[in-house]
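Down below is the structure, laid out as structure tokens.
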Amino acid sequence: MLNKFKFTSDALAVINESKGVSYPKTRVELIELALGGDGADEFAVGYEVNGEIRNEAVVTRCRNGAVINYVDPYMRRRDPDCLIIGDDKPSDKPRFGEKFGGDFAAFRQETFDWLKKQELIVVPVMVGGDEYGYPAALIAPKNAGFFACGLADLQYFTNIEEYEGVFEPKVVIYLAPPFRHTHFDGKQIVIHNRLDEVYELLSYNLYPGPSAKKGIYGFLLDVGEREGWVTAHTSAVKIVTPYENEIVMMHEGASGGGKSEMSEHVHREPDGRLLVGKNTVTDEEFFLRIEEPCELHPIADDMALCHPKMQNSSKKLVIKDVEAGWFVRVDHIKGYGTDPYLEKSCIQPDEPLVFMSMQAQPKSTVLIWEHTIDEDTGKPCPNPRVILPRRLVQNIIDAPVEVDIRSFGVRTPPCTKEHPTYGIMGLFHILPPALGWLWRLVAPRGHANPSIVDSGGMTSEGIGSYGYFLTGSVVKQANLMLKQVTDNPNTRYVLIPNQHIGCYEVGFKPQWIAREYIARRGSARFRRESLHESRCALLGYSLESLKVDGQLLNKAFLQPETQPEVGIEGYDKGAEILANFFKDELKKFDTPELDPLGKKIIDCCMNDGSLEDYIKLIPIKL
């Protein structure tokens, strides 16, 4: 089998000197390897640490798939500070020597020496698919079969027997889980080593988020930075109205910003109504009734290629999904009937799925609303996941698509005049392109993020909301994103909060309502007379009114300063918090390498520019 690959000499040495190698050729084999390979109902994944076996995870065989539960609650979410650089190439991230001391070359060899003592599994995948993709491979201990299966579902698994020609990986993941205990004080660490011949990811934990998913994302960002294009941190969906109007929305944002939710059907009450929001002060509730919702055709869930070979003369951004499968968070599924489509896809799948952090009994059916209880808090894990292969998603679109609307999602806390916060955004805002670019530079992670280990408060996910996965230069990425904005003036920009609008708890309702409203209008254009210049210039335009399916939405959801609980006083204090956050985050981009237009936009923000000032820098098409 090894003759089918062209590995580096280091990778070959690891494989040849190991205790044995498995090359799974089908997904059925991968699922069985995930469960230990001997037909067991439960399988503990453990490694020797200081002379004792330390279990990292338990895998349970259920009727609808393999369920992984990590022993350590910390391992159930991604650590945002896990990325370390092992090479000497330009980077804004911490390097191995700076962070841990010692010689990285010696540590890398120690990792290889440990792998040589293991039975291994080698899994080839195509990152990004066949047409625009790159060959990649996982080299891991065989008992980490669930990790291998997850990677194969996420990144286009390749049967090496059927592959024509020689498979030459451009990126290799080396998996060595016990090193997090022996070298990194239990922390999730992934070291990116950008060699000239291959991009190495040395992963020292078994949660796939930092390596099999976001580590691969780092590789794609590195390729794009060198070649002049971007992989966006985004979901996307084509929306078809009951009157057969079509529009494509691309929804960007940090983890927890509503990317997966953009392709979800509206969550309804038992009587069919949509609960728009609940007042956290008075408990008053507001409802809408959408009799016939739009039809959804999902395009991407978390990452999309914006490759130059796909762009055309439409002056709209063209994108295509990067991934073979979606790492779907289901913390919002609280019980039967919340999302019937997703529930059916997971409870009665056409093939076994990989689930994480859910309660499981052998040979039972795992239910995606029964989340594992975190022992350290006594509460359900906030980051339960299922890997859903694209081939199982109804109405999926595989071809490149033109984007009409680029939205950006922000998790917002409640805001009142007594407790002002940045939760001052209305249901959605129309942004001029210059502000659309600024929001992607600042990329706020926002309130109560469920996906990662977080200290709370408003922090930045980094440029494009992919900054934590970026190994290169934030300023180079800023220039690439600005060019993307100016090259595609016919793609328009909106901003959508989730969780709270002022004092109202709203969940992800704003983006579902915005999606229905924008699609029903039959055009991405807005009339100036229907817009209201937001009191906070960073929020562009608010809506004067919004009617969907014949029903007007209360103005309190469009302009939060009209809420008595917020008022002008609470709003303006929140606007000050938001402006100060922007100014702090934008300082890092003010370098000689920044595009001159970008510098003008940042200066506009630093000088508290007006909405009209931003429009003068890059005109808006309404």
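Laid out as a table, the results:
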{"read-out": "In the range 391-421, the residues that are buried (at least 20 other Cβ atoms within 10 Å of the Cβ) and charged (D, E, K, R)", "value": "Asp404, Arg406, Arg411"}
{"read-out": "Residue within the range 357-380 that is assigned to a loop (DSSP other than H, G, I, E, B), in contact with a Leu (Cβ under 9 Å, 6 or more places away or on another chain) and of a type outside the set (Val, Ile, Thr) present", "value": "yes"}
{"read-out": "Meets criteria (modelled with pLDDT of 95 or more and under 24 Å from the mean Cα position of the chain (by Cα)) for Asp92", "value": "no"}
{"read-out": "Count of residues meeting criterion [closer than 14 Å to Glu17 by Cβ, surrounded by fewer than 15 Cβ atoms within 10 Å (Cβ to Cβ) and not acidic (Asp, Glu)] in the range 98-113", "value": "1"}
{"read-out": "Test: residue in the range 548-564 that is of a type in the set (Asp, Glu) and more than 30 Å from the chain's Cα centre (by Cα)", "value": "yes"}
{"read-out": "Which listed residue, of Gly218, Gly277, Gly258, Gly253, is under 28 Å from Gly145 (Cα atoms) and buried (at least 23 other Cβ atoms within 10 Å of the Cβ)", "value": "Gly218"}
{"read-out": "Pairs with Cβ under 6 Å, 6+ apart, first in the range 594-615 and without any contact (Cβ under 8 Å) to a residue 24 or more places away in the chain, second among the acidic types (Asp, Glu) and surrounded by 20 or more Cβ atoms within 10 Å (Cβ to Cβ)", "value": "none"}
{"read-out": "Looking only at the range 302-339, and only at residues there that are without any contact (Cβ under 8 Å) to a residue 40 or more places away in the chain and open to solvent by 50 Å² or more (accessible area, probe 1.4 Å), the one that is farthest from Leu392 (Cα to Cα)", "value": "Ser313"}
{"read-out": "Scope the range 545-568; condition open to solvent by less than 70 Å² (accessible area, probe 1.4 Å), in a loop (DSSP other than H, G, I, E, B) and free of Cβ contacts under 8 Å to residues at least 24 places away in the same chain; matching residues", "value": "Ser545, Gly550"}
{"read-out": "Count of the range 235-247 residues which are within 21 Å of Tyr341 (Cα to Cα) and either modelled with pLDDT under 95 or open to solvent by 10 Å² or more (accessible area, probe 1.4 Å) (or both)", "value": "4"}
{"read-out": "In the range 105-163, the residues that are at pLDDT below 95 and part of a helix (DSSP H, G or I)", "value": "Gly129, Asp130, Glu131, Tyr132"}
{"read-out": "Filtered residues of the range 18-47 (kept if loosely packed, with under 13 Cβ neighbours inside 10 Å and not β-branched (Val, Ile, Thr))", "value": "Lys19, Gly20, Asp38, Gly39"}
{"read-out": "Test: Leu594 is part of a loop (DSSP other than H, G, I, E, B) and open to solvent by less than 60 Å² (accessible area, probe 1.4 Å)", "value": "yes"}
{"read-out": "Filtered residue count, the range 464-507, keeping only those that are in contact with a strand residue (DSSP E or B) (Cβ under 8 Å, 6 or more places away or on another chain), part of a helix (DSSP H, G or I) and of a type in the set (D, E, K, R)", "value": "0"}
{"read-out": "Leading residue by the ranking (nearest to Phe146 (Cα to Cα)) among those in the range 48-79 that are open to solvent by 10 Å² or more (accessible area, probe 1.4 Å) and within 25 Å of the chain's Cα centre (by Cα)", "value": "Asn69"}
{"read-out": "Top-ranked residue in the range 508-540 [being open to solvent by 20 Å² or more (accessible area, probe 1.4 Å) and in a strand (DSSP E or B); ranked as modelled with the highest pLDDT]", "value": "Glu533"}
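The values are calculated or read from the model by the stated rules, or taken from the named source; none is laboratory data. Quick caveat, the model's predicted, so the values are computed rather than measured. FYI the Cβ positions are ideal-geometry reconstructions off the backbone, even for glycines, and counts take in every protein chain you see. SASA here: full protein model, heavy atoms, side chains in, ligands and nucleic acids out. Shrake-Rupley method; radii C 1.70, N 1.55, O 1.52, S 1.80 Å.
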